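Below is one structure; the comments refer to it alone.
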Amino acid sequence: MNRIPSLLAGQLRSFTLHASQKHLIMAQRRKQFPFDEFEPEWQKHWDEQKTFSVPNPGDPGFDASKPKYYVLDMFPYPSGSGLHVGHPEGYTATDIITRYKRMNGFNVLHPMGWDAFGLPAEQHAIKTGEHPRINTENNINNFRRQLKSLGFAYDWEREVNTTDPGYVKWTQWIFLQLYNSYFCEEENKAKPIRELEEKGLSREEIDDRRLAYVAETPVNWSPDLGTVLANEEVEEWRAKGHTVERRPLRQWMLRITAYAQRLIDELEGLEWPTGIKLLQTNWIGRSDGAEVAFTIDGEKVTVFTTRPDTLFGATYMVLAPEHPLVDQITTDEQKDAVEDYKRTCAGKSDLERTELAKEKSGVFTGGYAINPVNDEKIPVWIADYVMMSYGTGAIMAVPAHDDRDNEFANKFEIPIIEVVEAPEGNEDACFTGNGTAINSGFLDGLSTPEAKAKISEWLQENGLGQKTINYKLRDWLFSRQRYWGEPFPIVWRDGNHEAIPESELPLLAPELEDYQPTGTPEPLLSKATDWVNLGDGVTRETNTMPQWGGSCWYYLRYCDAQNPDAPIGTEAEEYWMAKNGNPGGVDLYVGGTEHAVLHLLYARFWHKVLFDLGHVSTPEPFQKLVNQGLIMGEDGQKMSKSRGNVVNPDEVVDLYGADSLRLYEMFMGPLEQVKPWSMKGVEGVFRFLARVWRLVMDTDQEGVWELSEKLAEANPTKGTNKVVHATIRKVGDDIDSMSFNTAISQMMVCTNELTKLEQIPVSSVVTLLHLLNPFAPHLTEELNAKLAAAFDSVKNEDLAGQEWPAFDEACLIEDEIEIVLQVNGKVRDKMFIANDAPKEEVEKQAMESERVQSFIEGLTVRKIIVVPGRLVNIVAN
RNA sequence: GCCGACAUGGCGGAAUUGGUAGACGCAACGGACUUAAAAUCCGUUGAUCUUUUGAUCGUGCGGGUUCGAUUCCCGCUGUCGGUACCA
């Protein structure tokens, strides 16, 4: 028995509790307050009463007079290992906001769902031969149970599952919107493809402009995963040990590049962390430069450069090894070397090319190009540090002012000509910044920006080039060869693709006899020959969509989850996704940083297309974004099974209750910050909740809980009111700024004060319960119900439906305040003085302080600074 | 390499617009209650010096602005995250 404390500390850390030990601990916990009895009851109550269901406009019970607030969590992938403690971190934060906003008179939309397509379910199917739906559903049931055991205020009637036929239907429908649209450059928006048909464009011309199009491109193919991957995904799967290689394949692409500029510009009005905005901006990677035409054997070759001002310093040219001109310009003497080099490059993926980037490599083609500014003949090389997929696949190399060119020129002994003079004091071997043009003919003496402008003008006038903008962002590779994803609503007829009629949606994948990968890039669905072949040579598209498809628009579906006629009804969309003066529809979106680029960029892209086509009313999906920080293991390392430092939320709920888990995760530190788990910390907040419990409840001689005799329907004293009202103010402010940790510490202060009282005013306790309710809903509802049963002054109604307490400024004003007395900036004394004492009086009293006197003795007072209500600083020397 | 964030007691972390550094919690120590323990309650706890009153130092390091800097500016160091030949 007496080994309990060490047993607690030790066993909880490793999480291999024997049933008997757990029972022992449970017995101890129960003594403090019976969370295990009342928590499930309140969860059942909320479920049965549908406490947190919110009606849509037009539904019975909808209150149009209330403003809306849409709080969104990043929905989880329901993995087999269940909830991780990282999930409840963000989910508790949004839950607090939800409950708080409800109490402040908002209609709050706070839904949950499942991002349920995905590779693990398919791999399970490969192993067992069982349809992935079965495993997916089991996992979802487990996740739902876990979330409900934490008492989250979700509107479960709006639950969404991306694999439901009723959801797949609309994901496919949105794909068809993309398929049937093109990007109009003049109006900078998507428009229906019909317009192009009306203009009489040919089929090929139209297909070339669709937002969803087919292209034969080099893709990232993973043989062991049996699928291709988006550029953005490659790194992740490689890190997990899968091989990814480059090979050309016919694939569906989404024209996200058309939106590159809007995706940058329209970040502006969003309340997102600046880091995330920057990440997206960098990912899109706009760079402003110029295209310049060089000539090789009378043939024009265009290069892209951001530094046209250094044109006079170009001493060689580099083409990407895949550049179409390479064969043409290669001389006979160089042919073998060039062919050789091309072959080595072709075998490497983009990634390998960059990974092995330590040392520059390249081969001279034997050809020469003419520099248009000075008619100099410069050698043309091929090198893998130039990518065919960016810019024009050709560069002018200025080794004096570009690090890469510099390294290359040094290695191959190519001349280096300085054309920009660095500002004084700069000692860089290769100066890449802004300076003054030299050795540059008509540009000499100009600053870099001036030189850029002048040369651009000159190039334009002479028909040799123009200003150009390039983006790093590539079109989005949208097809996968998996089974467990949305099939494309597309058929092939005579080598052309066409959409299937909307009436045939959803198009569901047929059951397969086995889910083994084909071992080739041939998609898994091609095994279902009956399904694929529609007769008359018409066949179905056998690729499926990536997991991102479903997660790109789930926040819209929540608004109108059951709608059979549209992805989202107009009225529901206009209410929940309303502008309210902001570009984004969802008021608050909380989730991890891992989605900073991919999901958030893809979702913004889809949303913009839907906006352009008139299906949604805001240009942006998410107004405010908050990233919760990672929760590390107790050892400060990332939680992982192999390290054995994973904390299972179920265990914590078992031992300390849902409220303790919720409260602890919020008390750990600022939401956005990375922080380590501490089981002792959980015990700390657990003790706090026990103290709140004991404010209301006490045990009689038999150890049975009964209402505390200290409670009284008495008026709180001034001191009690002060702390209670200070707490009302701070908790409200802190929830608004999402500083949950400090809100909790203030409630701890308040509880400690109330605990000290001989007679505890019921009204003060009830106020505290209101404030604590969003954080610890079970305990507070339970205590409130007990108080309501005993005292007439306590409203017999769920706290969840009550109003947030208002604070009274008058309670916070004090007659006397403490003033700090400093001499030369050092605190020497403190004094109490009337709140409204005039400055002169404060100064006078400060000078009368004996301690102050002793420190200024023998010195001349130069200055006295009085900060009202805070301090007096006497400057003397 | 580049971009970003961060740096405060033994630990997690507080600190309005520059104004008492260390709130709240953990851990530790002491006390009350108890046959004993647990639980609970009360107290101490940044460092150094001092018998006490108290003094000096202290927010990664070095400088600056200021009556006053954890907060603002300049220059470093370290940690974490992202990204990588994008011309």
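Taking Cα centroids, how far is region A:164-178 from region A:823-877 in Å? Region A:164-178 and region A:823-877 have Cα centres separated by 73 Å.
For region A:417-471, the relative contact order works out to 23 percent when only alpha carbon pairs closer than 8 Å and six or more residues apart are counted. Classified by the C-alpha gyration tensor, region A:705-811 has an oblate form. Its axis ratio a/c, with a ≥ b ≥ c, is 1.5 or above, and a/b does not exceed b/c.
When A:CYS811, A:CYS345 are compared by accessible area of protein heavy atoms, the largest-first order is A:CYS811, A:CYS345, using a 1.4 Å probe.
Gain on full extension, evaluated as 0.36 nm per residue between A:ASN141 and A:LEU859 minus their Cα-Cα distance, stands at 250.7 nm. Give the separation of the Cα centroids, region A:259-333 to region A:725-804, in Å. Taking the Cα centre of each part, region A:259-333 and region A:725-804 sit 60 Å apart. Protection proxy ranking for A:477-487, A:740-750, using the average of other Cβ atoms within 10 Å per residue and placing the highest first: A:477-487, A:740-750. What is the local net charge at A:VAL827, summed over the other residues whose Cβ is closer than 14 Å to its Cβ (Lys, Arg +1; Asp, Glu -1)? Surrounding charge for A:VAL827 is +3. Each label point was placed 7 Å from the Cα along the Cα-to-Cβ direction; for A:LYS467 and A:SER65 their separation is 5.6 nm. Restricting the GluC sites (Glu not before Pro) of region A:180-276 to loop positions (DSSP other than H, G, I, E, B) with no more than 13 neighbouring Cβ atoms within 10 Å leaves A:GLU185, A:GLU186, A:GLU187, A:GLU268.
Ignoring lysines fewer than eight residues from A:LYS411 along the same chain, the ones with Cα atoms less than 24 angstrom from its Cα are A:LYS335, A:LYS342, A:LYS348, A:LYS358, A:LYS360, A:LYS377.
Near A:SER617, once Lys and Arg are set to +1 and Asp and Glu to -1 for all other residues with Cβ below 10 Å from its Cβ, the sum equals -1.
The relative contact order of region A:286-471 comes to 30 percent, based on Cα pairs under 8 Å that sit 6 or more residues apart. In terms of Cα to Cα distance under 19 Å, which lysines are near enough to A:LYS839, apart from those fewer than 8 places away along the same chain? In chain and number order, the partners are A:LYS830, A:LYS863.
Given labels modelled 7 Å from the Cα in the Cβ direction, how far is it in nm from A:GLU709 to A:ASP494? It is 9.6 nm.
Region A:360-389 and region A:621-665 have their alpha-carbon centroids 55 Å apart. Here the spin labels are modelled as points 7 Å beyond Cα on the Cα-Cβ line, and at A:LYS844 and A:GLU502 they lie 8.3 nm apart. Relative to the current alpha-carbon distance between A:SER447 and A:ILE134, full extension at 0.36 nm per residue lengthens the span by 106.0 nm. Extension gain for A:LYS680-A:SER53 works out to 222.1 nm (0.36 nm per residue, less the C-alpha to C-alpha distance).
Averaging the sequence gap over all C-alpha pairs within less than 8 Å and six or more residues apart, then dividing by the number of residues, gives chain A a relative contact order of 14 percent. Overall shape: oblate for region A:276-417, with the ratio a/c of the largest to smallest alpha carbon gyration tensor axis at 1.5 or above and b/c at least equal to a/b. Which stretch or stretches of region A:466-485 have amide N atoms under 11 Å from the point lying 7 Å from A:GLN261's Cα along the Cα→Cβ direction? Only A:469-470 pass the distance filter.
Once you order the gyration tensor axes a ≥ b ≥ c over the Cα atoms, which shape class does chain A get: rounded for a/c under 1.5, otherwise prolate or oblate by comparing a/b with b/c? Cα axes put chain A in the oblate bin. Mind giving me the FRET efficiency for A:LYS579 and A:SER745? R0 is 41 Å, r the Cβ-Cβ distance, nearest 0.05 is fine. Between A:LYS579 and A:SER745 the formula returns 0.65. Measuring r between the beta carbons of A:GLU359 and A:LEU512 and using R0 = 56 Å, the FRET efficiency lands at 0.70.
With r as the distance between the Cβ atoms of A:ASN752 and A:VAL827 and R0 = 35 Å, compute the FRET efficiency 1/(1 + (r/R0)^6) and round to 0.05. After rounding, the FRET efficiency stands at 0.85.
The values are calculated or read from the model by the stated rules, or taken from the named source; none is laboratory data. All of these numbers come straight from a predicted model, not from anything done at the bench. As a convention, Cβ positions derive from the backbone with ideal geometry for all residues, glycine included, and neighbour counts pool all protein chains shown. When the accessible area is computed, the model is the full protein with side chains, heavy atoms only, and any ligands, DNA or RNA have been set aside. Shrake-Rupley method; radii C 1.70, N 1.55, O 1.52, S 1.80 Å.
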